[in-house]
Amino acid sequence: MAISRLKLARLELGLRQFDLAKRVGIGENLVSKIETGRTRPSRLIVERLAGILGLKPEDLAADSNNPPERPNSKRGPHRSGKQAEKT
């Protein structure tokens, strides 16, 4: 799972780790461990996280450099305001 993808989606919705944990039914410490890559969540937890964040489970595992668009979002994909480096 792309660690930053979960955090990015959570922050985009203005949720704290505590808020997300409560909605999923897990501990705040588990959200932290998932975001930092210290643990891998079960399929069930990934599905719950994705549902709450308005994403598909596979979006949480996608490349965090290409944020997915939320199907029902007015905001579209998250933009950091930084331009991509030219290679």
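Per-structure values
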quantity	calculated
Peptides ranked, highest mean first, by Cβ atoms within 10 Å: ranges 37-44, 16-23, 49-56	49-56, 16-23, 37-44
Mean separation of Cα contacts under 8 Å, 6 or more apart, over the residue count of segment 3-60: relative contact order %	33 percent
P(r) of segment 3-60 over all Cα-Cα pairs, binned every 10 Å from zero, in whole percent	26, 68, 6
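Values in this text are rule-based calculations from the coordinates and carry no lab data. All values derive from a computational prediction rather than experimental measurement. Because the Cβ atoms are built from the backbone with ideal geometry, glycine has one as well, and the counts that use them run over all protein chains shown.
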